[in-house]
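The values are calculated or read from the model by the stated rules, or taken from the named source; none is laboratory data. All values reported here derive from a predicted model rather than from experimental measurement. For neighbour counting, all protein chains shown are included, and Cβ atoms are generated from backbone atoms with ideal geometry for every residue, glycine included.
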Amino acid sequence: MEAYNKFEKARLIGARALQLALGAPPLVKINKKEDRYIDIAKRELDKGVLPIMVRRR
């Protein structure tokens, strides 16, 4: 996994949580009763399976 700074991590997690809230399928195993979209997005980032790319210029 690429090293992201705290601002990139926040942006990635927020964008992915929004996708999940709008109906995107999660890419990690979830516990429907306890997991929130933010928690799922954080786990996806930790596992390196986020379908989002950071472009630096």
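Checked against the criterion of being surrounded by 10 or more Cβ atoms within 10 Å (Cβ to Cβ), touching a residue at least 40 places away in the same chain (Cβ under 8 Å) and within 8 Å of the chain's Cα centre (by Cα), region 11-20 contains one or more residues that satisfy it.
Of the listed requirements (1) modelled with pLDDT under 95; (2) closer than 18 Å to R56 by Cα, I13 misses just one: (1). What number of residues in region 41-50 are out of contact with any Lys or Arg (no Cβ under 8 Å at 6 or more places or on another chain) and closer than 11 Å to R16 by Cβ? Qualifying residue count for the region: 3.
The residue that is nearest to R55 (Cα to Cα), counting only those in region 3-30 that are in a loop (DSSP other than H, G, I, E, B) and touching a helix residue (DSSP H, G or I) at 6+ places or on another chain (Cβ under 9 Å), is Y4.
Residues of region 31-57 that are under 15 Å from F7 (Cα atoms) and not in a helix (DSSP H, G or I): I52, M53, V54, R55, R56.
What's the total number of residues in region 21-57 that are touching a residue at least 40 places away in the same chain (Cβ under 8 Å) and among the acidic types (D, E)? Matching residues across region 21-57 total 0.
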